[in-house]
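See below for the structure under consideration.
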Amino acid sequence: MAIEWIRPTSYRRWMVQGYGRLRGTNDWKGRVFMVSHWRKGLAVLLLTLCLTPAAMATTRQDEETLEASLCRVLHGAGSLRHLDVGGYALKLLEETATFYTRRGFVPAWLTDGGLSAQAEEVLATLHGAFREGLNPQEYHGSTLELFAGQVHAFADRKLVADADLLVRFDILLSDGFLRYARDLSRGRVAASRIYGPEWSAATPAVHLPQLLQQALEDGAAAAALDALLPQDDDYRQLREGLAKYRRIAVAGGWSQLSAGPVVRPGDRDRRLPWLRRHLLKLGDLDSVKEGSEDLLDSELVQALRRYQQRHGLHADGALGAETLATLNRSVEERIKQIEINLERRRWMPQESEQRSIRINVPDFRLDVLEDKEAVLSMSVIVGTRERRTPVFSALMRYLDFAPYWYVPRTILREDKLHLVRTDLDYLTSHHYEIVTWRDGRAEIVAPDTVNWDSYGVEGFPGALRQKPGPWNALGRVKFMFPNRHQVYLHDTPQRYLFQHRQRAYSSGCIRVEKPAELALYLLRNQQGWDAERVAESMAAATEHRVLLDRPIPVHIRYQTAWADAQGRLQFRRDIYGWDELLYAALRRHSRDRSRVVAVSPPSSFSVGHPCNTIGASTSGAFPNLSGDPSRL
């Protein structure tokens, strides 16, 4: 049988043309991707050219159909799903085998002329994964590009590529589609594996093989992937911010600003020309005027305040130590921070409610949203690094005015017991009481009847609670959305803490700055409730529960980078160290996905092997591989 090899000039022409197309797109990461994988790509090409002695045949032989060849290659991948791509193997998803088995091993992306239009569109989509903060290599990017280049080279010469090349391309593209769909629909790593029970992410369930099959039937495979992306402006604007900071990185990023004395409005300093150029680059300053570049004039003060507001700093318009440290965070760090928060956003379900309450823990802020617009905003106090506020969603159902505070067991053990043991008057002076219940009625336990030295948390004789009043740790009202974390919103007597910019002081629950305004908003459409009645209920001496006629969703989030309502990119400190945990998990994930293994040449199959019957008839029967340990 005649064999014709692709001339090296054909390969060079394909690589240069492909690279030229990338250069025309201004997609910096795509160009870096091609350059960084040039040598690896050449090696993959040379290896894949040697897949079979007939890898470059001028005609495809009739003795084996594409369906049978695809079945054979998938079957040869074994139970570990390692696909041989020329001396090394790439791991396949189990869903990939499921997809092909259910469709009788019919190729998904091939036509008589080579690759289908849908294949070309999905290749482009996978290559553009970097725009979502994802790595195209995790979806077989360079290998698919090289395989596609070979198929195109054959088509240009009016030749038909070998079945092994075609089916391996088909399998890898399906696997890349399924991997990308999985990552878009629920993220690359599971939140629970990183944060445990502190992060509840209700990601939607997507049946991947069914999604791909339906997308192919509809002729809209690339569109099906795009539909899995979060469709809200928050995600789109954050993605645009990623592109902006990558352009800054390609242009050289920024240098470090040297330390020095605090520069206040009206001062001169040799570092201010750098500051002007930097704020212009970030979009906080509109233009740089000629003249006194070393003067902190009113225009530069306003630009610096905008920068400080975007980074959660004290917006005083002065160049101090904290602002200096933030300015010196590199562009690469900011890119990483954006990519981390894009991943978190993919964990979140689409918020489609007309009304909701959203709390962003690192921003110490609560917003009441109507049709995605904030109608009420306030500062909040969240949990400490040791007693973190968890991330979850729940439905707020009722309010408790003049509430009792039932001391949680953790706080009883770690904070209260030793105070009571050293001073029995502590309970009375701080308005605490011990209660037990008998026949549904509360009974008060006298503190002097308790042998405090013999009791721990486990044997504590009842519940410790604080009476309603201005001294109560929950303030005058609490807002309840029942959840397994036992977290809720509440008032606080420590109003002075809202003057601090960093407000991680609580034991996990969330203290709100404007409890009366929030209560009035929630009850405004319920008969008999107005501002006066809310104030009277908050000042009452006895606890009073009010059910909401319209329960409202509450979403507690942890976002250290996002775009605000004006489209401005916002950054906040990672107060719990959760960004670094996620970044480390994503790096491990990338290493696991990029790991390849050496493979031995596949053994030949006997004449009676079930894959040899695929495509031999039109019965549509699937091969029976049930007796094989590496069955599909």
Next item on the list: Just the Kirkwood number for the range 113-227, please: inverse of mean 1/r across all distinct Cα pairs, in Å, one decimal.
Entry: 15.4
Item checked: 1.4 Å probe accessible area per residue over the range 130-283, in Å² -> 40
Checklist line | At R0 = 22 Å, FRET efficiency that the Cβ-Cβ distance of H500 and Q350 yields, to 0.05 | finding: 0.05
Margin query: Would any residue of the range 291-313 have its amide N under 11 Å from a label point 7 Å out along Cα→Cβ of R268? List them or say none.
Written below: 292-296
Note to self: I need the GluC sites (Glu not before Pro) found in the range 300-375, filtered to DSSP loop residues with at most 16 other beta carbons within 10 Å of theirs.
What the structure shows: E351, E353
Margin query: Taking amide H atoms as placed 1.01 Å from N in the peptide plane, list the residues 5 or more away in sequence, or in a different chain, whose amide H sits under 5 Å from that of Y398.
Written below: M480, L548
Next item on the list: Could you tally the net charge around P447, taking each other residue with its Cβ under 12 Å from the Cβ of P447, Lys/Arg +1 and Asp/Glu -1?
Entry: -3
Checklist line | V435-E299 FRET efficiency (beta carbon distance; Förster radius 41 Å; 0.05 resolution) | finding: 0.05
Notebook entry, point to check: When only alpha-carbon atoms count, how far does the range 156-280 stretch along each of its three principal axes, as whole angstroms with the largest first?
Noted result: 72, 52, 25
Margin query: Given the range 224-362, report the % of alpha carbon pairs whose separation exceeds 20 Å.
Written below: 55
Margin query: 5 Å is the cut-off here: which amide hydrogens, built 1.01 Å from N in the peptide plane, fall below it relative to L376, excluding neighbours closer than 5 in sequence?
Written below: V368
Notebook entry, point to check: How large, in percent, is the carbon and sulfur part of the accessible surface of the range 468-573 at a probe radius of 1.4 Å?
Noted result: 48
Notebook entry, point to check: Percent of accessible area on the range 206-305 owned by carbon and sulfur, 1.4 Å probe?
Noted result: 47
Item checked: Gyration tensor verdict on the range 432-530 (Cα atoms; rounded if a/c is under 1.5, prolate if a/b is larger than b/c, oblate otherwise) -> prolate
Next item on the list: Express the accessible area of the range 461-511 per residue in Å², computed with a 1.4 Å probe while the remaining protein chains stay in the model.
Entry: 42
Next item on the list: Could you compute the FRET efficiency for T449 and R550, with r as their C-beta to C-beta distance and R0 at 56 Å, rounded to 0.05?
Entry: 0.75
Next item on the list: Apply the Karplus parameterisation 6.51 cos²θ - 1.76 cosθ + 1.60, with θ equal to phi minus 60°, to every residue of the range 137-144 and state each ³J(HN,Hα) to the nearest whole Hz, in sequence, with x for glycine and proline.
Entry: 5, 6, 10, 6, x, 5, 5, 5
Checklist line | Packing-based order for 388-396, 248-256, using average beta carbon neighbours within 10 Å, highest first | finding: 388-396, 248-256
Margin query: Among 472-480, 106-114, how do they line up by average Cβ neighbours within 10 Å per residue, starting with the highest?
Written below: 472-480, 106-114
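The values are calculated or read from the model by the stated rules, or taken from the named source; none is laboratory data. Computed from a prediction, not measured in an experiment: that's the story for all the values here. We place every Cβ from the backbone using ideal geometry, glycine too, and count neighbours over all the protein chains shown. Protein only, heavy atoms only, side chains kept; ligands, DNA and RNA dropped before computing areas. Shrake-Rupley method; radii C 1.70, N 1.55, O 1.52, S 1.80 Å.
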